[in-house]
1. Scan the range 103-154 residue by residue and report those that are part of a loop (DSSP other than H, G, I, E, B), modelled with pLDDT under 80 and among the hydrophobic types (A, V, I, L, M, F, W, C).
2. Give me a count of the residues in the range 61-75 that are assigned to a helix (DSSP H, G or I) and either surrounded by 20 or more Cβ atoms within 10 Å (Cβ to Cβ) or in contact with a strand residue (DSSP E or B) (Cβ under 6 Å, 6 or more places away or on another chain) (or both).
3. If we only count helices (runs of 4 or more DSSP H) wholly inside the range 1-49, which ones have 1 or more residues that are modelled with pLDDT of 90 or more and surrounded by fewer than 18 Cβ atoms within 10 Å (Cβ to Cβ)?
4. Output yes when any residue across the range 59-77 is at pLDDT 90 or above, under 14 Å from the mean Cα position of the chain (by Cα) and of a type outside the set (A, V, I, L, M, F, W, C), and no when none is.
5. Restricting attention to the range 76-97, which residues are in a helix (DSSP H, G or I) and open to solvent by less than 20 Å² (accessible area, probe 1.4 Å)?
6. Between a first residue in the range 50-78 that is within 22 Å of Thr127 (Cα to Cα) and in contact (Cβ under 8 Å) with a residue 24 or more places away in the chain and a second residue that is of a type in the set (D, E, K, R) and outside any helix (DSSP H, G or I), which pairs have beta carbons less than 6 Å apart while being 6 or more apart in sequence or on different chains?
Amino acid sequence: MPHQSRRYWLELLPDALTASQVGIWETDFGSDRTVADATTAALFGLDPMQAAIGLPLSAYAEAIFPADREEFFTNIGRVFEHGGSFVVEYRVCSAANGVRWVLARGHYERDDNTGNVIGRGIVVDITESKLNWQAENHAFFFLQKNESPLDRLATCALQARHAVDKMAGHDRTALRVAADALLWAVGRALAKRSRF
């Protein structure tokens, strides 16, 4: 997806998505670019304008809490190699926000012709849930094998958003707004689920 169209979808995000601390991202491993919305950029302590254009994955990696990095990259490497869905909780730290817990849900797809991998997903700030419910204080990761209905919905929402991105025509804008609203609602439900 050209940088111009990536910025376009970021401009269409509902205000509720930003206000709720649910962000979206897309990583193109072939070009080493991750495009993200303002919420994701803020969680990782990055400039939102640069994030909207696309930054190297290493810019995001620098924000991952040092104790969580090795496990994060080991597990993400497995998903990158084979494709598929994932859910991961880990900590990020930035000068503006301190240490925050995030829940990331995404899907990696490998292009059989080029070998390139594209990842898309959401990231949710779950810090308050972690603090209020005194959940475990270490990162965890799992691949989706026996997905719950909510996990299947998250996968379908990500696929719907991807399909909308490939569309042309006047209905595209309305469908983008609807897909983003669905991603926001799914992100909120995933955040609630992580409390228990």
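The values are calculated or read from the model by the stated rules, or taken from the named source; none is laboratory data. What you see is a predicted model, and the numbers here were worked out from it, not measured in a lab. Backbone-built Cβ (ideal geometry, glycine too); neighbour counts: all protein chains shown. Remember, those area values only see protein heavy atoms, side chains included, never the ligands or the DNA or RNA. Shrake-Rupley method; radii C 1.70, N 1.55, O 1.52, S 1.80 Å.
1. The answer is Ala135, Ala139.
2. Of the residues in that region, 3 qualify.
3. Values: elements: 3-11, 15-19, 38-43.
Output list is empty.
4. yes
5. Ile76, Val79
6. Within 6 Å, the pairs are Phe65/Arg91; Asp68/Arg91.
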